[in-house]
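Visitor: Here's a structure for you.
The values are calculated or read from the model by the stated rules, or taken from the named source; none is laboratory data. On a predicted model such as this, the values are computed, not experimentally measured, just so you know. Cβ placement follows ideal geometry from the backbone for every residue including glycine, while neighbour counts extend to all protein chains displayed.
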Amino acid sequence: MKRFKYYCLLSAILLAVVSSTSSLMAQAGKVSLDSPSFEELPSPDFGGNTDKKKFKPKDWLEVEVRFKVEMPKSYKEKFVNRVTVKWYVAIEDPSGGKRTVYLEKEVNHVNVPVDEEVYSSVYLSPAAVMRISGSDNAGERIVKSVGGEILVNGQPAVNKSGYFSSTKNPGWWTKLSRYDKIPLLNKNETPFKSLWWDRYAEIEERR
């Protein structure tokens, strides 16, 4: 009798887990997006009395992707709690050897509107640009490829719609080695944090 009750309880738990998983899968989002784009941006000058410190602005390298989250009709909210963008940027190994390696960055966005185009971005600082290329003005040529994946509430987007790449082969990063000595930065980690606010999805701050 005890064994029967145990199996009944176990079956109920498994049924609840399966039901919960099915419910979550039913709420999986689809992502429509563009290919990532590149832009050189000089360090910003915010005016005021900042001209008391003389310096020549150097160039940052920005990579951004425009995306839109689409949810099924059963989803009644106008926002999703979290959208995670996993970024991969391929560069020539700064240590030498002419091999290609990749830099990695995970950016969590919160309060992301449904059915509205927003942007996510990552940046290479002027010091990173110099380290990779040996030049302050290397620009876009230091990047060989950019790609990534967008997750909606921690789940892969429907039909792999969250994958993006500047080349024709999404997933190329799985064939390269990761390089950890040069950081990719999210927008809030740069001087551009307060600029173009409404263009970009809100970034979750670490606490």
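Residues are listed down the side, and each one gets a yes or a no for (1) under 18 Å from Thr190 (Cα atoms); (2) out of contact with any Lys or Arg (no Cβ under 7 Å at 6 or more places or on another chain); (3) of a type in the set (D, E, K, R):
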| site | (1), (2), (3) |
| --- | --- |
| Val114 | no, no, no |
| Glu117 | no, no, yes |
| Ser125 | yes, yes, no |
| Ile132 | no, yes, no |
| Asp136 | yes, no, yes |
| Val146 | no, yes, no |
| Phe164 | no, yes, no |
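Visitor: What's the number of the condition Glu77 fails, among (1) in a loop (DSSP other than H, G, I, E, B); (2) touching a strand residue (DSSP E or B) at 6+ places or on another chain (Cβ under 8 Å); (3) at pLDDT below 95?
Guide: Only one criterion is unmet by Glu77, namely (3).
Visitor: Still on this structure: Are there any pairs, at least 6 apart or on different chains, whose C-beta atoms fall under 6 Å, with the first in the stretch 87-107 and basic (Lys, Arg) and surrounded by fewer than 16 Cβ atoms within 10 Å (Cβ to Cβ) and the second modelled with pLDDT under 95 and part of a loop (DSSP other than H, G, I, E, B), and if so, which?
Guide: Matching pairs, first to second residue: Arg99/Asp93.
Visitor: Residues Val65, Val101, Val69: which one is at pLDDT 95 or above, part of a strand (DSSP E or B) and in contact with an Asp or Glu (Cβ under 6 Å, 6 or more places away or on another chain)? Don't jump to the end; show me each part of the working.
Guide: Working: Val65 fails: in contact with an Asp or Glu (Cβ under 6 Å, 6 or more places away or on another chain); Val69 fails: in contact with an Asp or Glu (Cβ under 6 Å, 6 or more places away or on another chain).
Exactly one of Val65, Val101, Val69 is at pLDDT 95 or above, part of a strand (DSSP E or B) and in contact with an Asp or Glu (Cβ under 6 Å, 6 or more places away or on another chain), namely Val101.
Visitor: I need every pair where a residue in the stretch 192-207 that is under 21 Å from Trp60 (Cβ atoms) has its Cβ under 7 Å from the Cβ of a residue that is assigned to a loop (DSSP other than H, G, I, E, B), sequence separation at least 6 or different chains.
Guide: Here the result reads Phe192/Pro44; Leu195/Pro44, each pair linking the stretch 192-207 to a residue that is assigned to a loop (DSSP other than H, G, I, E, B).
Results for (1) surrounded by 15 or more Cβ atoms within 10 Å (Cβ to Cβ); (2) polar (S, T, N, Q); (3) over 22 Å from Arg178 (Cβ atoms), shown as yes or no for each residue.
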{"position": "Gly47", "(1), (2), (3)": "no, no, yes"}
{"position": "Lys54", "(1), (2), (3)": "no, no, yes"}
{"position": "Met71", "(1), (2), (3)": "yes, no, yes"}
{"position": "Val83", "(1), (2), (3)": "yes, no, yes"}
{"position": "His109", "(1), (2), (3)": "yes, no, yes"}
{"position": "Val129", "(1), (2), (3)": "yes, no, no"}
{"position": "Ser133", "(1), (2), (3)": "yes, yes, no"}
{"position": "Ile142", "(1), (2), (3)": "yes, no, no"}
{"position": "Ser145", "(1), (2), (3)": "yes, yes, no"}
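Yes/no per residue for (1) among the charged types (D, E, K, R); (2) farther than 23 Å from Val114 by Cα:
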{"residue": "Glu140", "(1), (2)": "yes, yes"}
{"residue": "Thr167", "(1), (2)": "no, yes"}
{"residue": "Gly171", "(1), (2)": "no, yes"}
{"residue": "Arg199", "(1), (2)": "yes, no"}
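Visitor: Looking at the stretch 165-185 only, could you name the residues that are in contact with a strand residue (DSSP E or B) (Cβ under 6 Å, 6 or more places away or on another chain), among the hydroxyl-bearing types (Ser, Thr, Tyr) and surrounded by fewer than 17 Cβ atoms within 10 Å (Cβ to Cβ)?
Guide: Those that are in contact with a strand residue (DSSP E or B) (Cβ under 6 Å, 6 or more places away or on another chain), among the hydroxyl-bearing types (Ser, Thr, Tyr) and surrounded by fewer than 17 Cβ atoms within 10 Å (Cβ to Cβ): Thr167, Ser177.
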